[in-house]
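The values are calculated or read from the model by the stated rules, or taken from the named source; none is laboratory data. What you are looking at is a predicted structure, and each value in this text was computed from that prediction instead of being measured. Cβ sites come from the backbone with ideal geometry, for glycine too, and all protein chains shown count toward neighbours.
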């Protein structure tokens, strides 16, 4: 444990931020899995709604630098591609 008061405060702040970031990353994974499950089930309407919710969570995390904004964009793009591939007529 640090002896200097400013370092003690820094440790407290780091713990708080770490917890907040962990929760946010967990929400991202949860919403991403919900979209993937809807696509796998074949419910494209639900998948679109879940993608919209996922996009909001991912964008907010990117804005707050929990994840990089390009990563948020990449995740959204991949999920949208999976929905579009499932919606395409099978030849």
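Exactly one of these conditions fails for residue 89: (1) loosely packed, with under 11 Cβ neighbours inside 10 Å; (2) at pLDDT below 95; (3) part of a helix (DSSP H, G or I). Give me its number. All conditions pass for residue 89, except number (3). Within region 40-58, the set of residues being surrounded by 12 or more Cβ atoms within 10 Å (Cβ to Cβ) and touching a residue at least 12 places away in the same chain (Cβ under 8 Å) comprises 44, 47, 48, 50, 51, 53, 54, 55, 57, 58.
Among the conditions (1) out of contact with any helix residue (DSSP H, G or I) (no Cβ under 8 Å at 6 or more places or on another chain); (2) in a loop (DSSP other than H, G, I, E, B); (3) surrounded by 14 or more Cβ atoms within 10 Å (Cβ to Cβ), residue 21 misses just one, which is (2).
Of 37, 61, which residue is surrounded by 13 or more Cβ atoms within 10 Å (Cβ to Cβ) and touching a residue at least 24 places away in the same chain (Cβ under 8 Å)? One residue alone meets the criteria, 61. Against the list (1) part of a helix (DSSP H, G or I); (2) touching a helix residue (DSSP H, G or I) at 6+ places or on another chain (Cβ under 6 Å), the condition residue 2 fails is (1).
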